[in-house]
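Rule-based calculations on the coordinates, nothing more; no lab input. Only a predicted model underlies this, so the values are computations on that prediction, with no experimental measurement involved. Here the Cβ is made from the backbone with ideal geometry for all residues, glycine too, and neighbour counts use every protein chain on show.
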Amino acid sequence: MIEIISPGQSFGEMTSKATDYLLSGVDRVWVVDNQVQSVTVFGGSDFPQTFWVNDTISDLLLPGLAISLTDIFVFKRPSNAN
């Protein structure tokens with residue numbers, strides 16, 4: 001399950017939602033925070049792990065998966081920049 005924090009939502013609200021998903025049987029929940037450019041992975045009995053923009057996510061539940069967060073959080077120039 002992947003959840004993206006929307007404007008007006010807090011990380012705490014998303015943590016609560018992730019906990020609900022895990023208690024319902026979901027194996028992993030990724031919470032994407034565009035503001036701070038991070039992905040926090042919640043899963044099973046493991047502590048949540050936060051990955052930052054320069055990190056690469058891999059997961060034993062998804063063999064072969066390797067996602068570079070620089071590919072997700074692409075820098076966008078303001079429209080008035082040269």
Select one label from (i) 59, 30, 22; (ii) 49, 25, 17; (iii) 48, 33, 16: the one whose number is Cα extents along the principal axes in Å as derived from the coordinates shown. (iii)
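Between SER68 and THR19, what length in nm is gained on full extension when 0.36 nm per residue of separation is reduced by their alpha carbon distance? Don't skip to the answer; put the middle values down first.
Details: separation 49, 0.36 × 49 = 17.64 nm, distance 2.51 nm.
Stretched fully, the SER68-THR19 segment lengthens by 15.1 nm.
Say R0 is 22 Å: what FRET efficiency, to the nearest 0.05, do PHE11 and ASP59 get from their beta-carbon distance? Intermediate results must be reported in sequence, preceding the final value.
Working: r = 20 Å, r/R0 = 0.93.
It comes out at approximately 0.60.
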Modelling each spin label as a point 7 Å along the Cα-to-Cβ direction, I'd like the ASP27/ILE2 distance in nm, to one decimal. 1.7 nm
